[in-house]
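Note sheet for the following structure.
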Amino acid sequence: MMDIVTNKKNGILAIEFNRPQKKNSITAAMYQVMADALRDAGQDKEVRVILICGKPDIFTAGNDLEDFMNTPPGGDLADRPVAHFMLQMVEAKKPVIAAVAGAAIGIGTTMLLHCDMVYAAENARFSMPFAQLGLCPEFASSMLLPQVIGFPRAAEKLLIGEFFSAQEAYEMGLINKVLPVNELHPYAYAQAVKLAGLPASSLRTTKFLMKAAQADKIREKMMEENKYFSAMLLSPEAKEAFGAFFEKRKPDFAKFE
């Protein structure tokens with residue numbers, strides 16, 4: 001079974017997380033498959049819209065931590081398959097829609113900040129638990145989240161890292177609409193069909209005009225975050241957090257300053 005399933009139809013490239021037995025946690029190989037799919041979509045004239053989705057009960061649990069620890073990122077952002085994927089998200093000229101049901105954890109929420117439209121099911125839950133893992137935000141989320149939802153709420157989401165609901169995400173402006181689970185994918189797909197029927201050049205130009213002003217700032221912030229993220233992976237706090245995760249216990253950070 002393929003962990004990432006892609007399907008091209010009606011001008012829409014659908015990219016689906018398909019690893020439900022592991023809560024759609026993402027491996028380096030999966031990131032590379034998605035990065036390649038996005039790159040190819042950018043060059044494919046038949047693709048006019050990109051739709052990213054998961055399963056009815058899970059979007060993605062974020063990084064597969066076992067895979068992540070077996071192949072920890074180095075200092076160079078360009079060497080990381082996850083960075084290949086996120087850079088393709090940042091540089092995508094065509095509209096990108098996400099349909100989120102169930103949990104979207106870590107990178108599962110971070111990637112939504114780079115989508116153009118996000119629709120969520122009533123069962124969707126979001127979290128960015130970087131601090132809980134002894135790490136820091138990445139892929140410009142420390143810049144984009146405060147811009148989208150305001151600093152006080154972003155501070156709560158990034159510093160405490162607890163789950164928040166689809167309704168709260170909607171009220172904060174993080175997502176476009178909340179729908180019943182069985183209506184999510186049909187609605188998101190219908191929105192993609194609408195976009196696919198519009199002039200491609202108009203969509204590209206409109207998206208460019210909205211995003212161009214801070215494109216360089218996003219890349220700069222990604223580089224800055226990666227510098228800290230890579231260093232913090234080697235910290236005692238991160239070792240305690242990851243050790244506690246694998247040992248299924250509560251981490252103890254009291255001994256660290």
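Tell me which residues, restricted to segment 10-53, are within 29 Å of S201 (Cα to Cα) and of a type in the set (V, I, T).
Passing the criteria: I12, I15, V33, V47, V49, I50, I52.
Can you tell me how many residues within segment 163-189 are small (G, A, S) and crowded, with 20+ Cβ neighbours inside 10 Å?
Qualifying residue count, segment 163-189: 3.
Mind listing just one residue for me: the one in segment 58-79 that is in a loop (DSSP other than H, G, I, E, B) and modelled with pLDDT of 85 or more and, of those, surrounded by the fewest Cβ atoms within 10 Å (Cβ to Cβ)?
Looking at residues that are in a loop (DSSP other than H, G, I, E, B) and modelled with pLDDT of 85 or more, I get D64.
Looking for whichever is farther than 24 Å from P56 by Cβ and touching an Asp or Glu at 6+ places or on another chain (Cβ under 7 Å) here; the options are K207, K211, K239, K157. Which one fits?
K207
Filter segment 91-114 down to the residues that are within 11 Å of the chain's Cα centre (by Cα), within 23 Å of V47 (Cα to Cα) and surrounded by fewer than 24 Cβ atoms within 10 Å (Cβ to Cβ) and list them by number.
Residues satisfying the conditions are L113, H114.
The values are calculated or read from the model by the stated rules, or taken from the named source; none is laboratory data. Remember, predicted model here, so these are calculated numbers, not experimental data. As a convention, Cβ positions derive from the backbone with ideal geometry for all residues, glycine included, and neighbour counts pool all protein chains shown.
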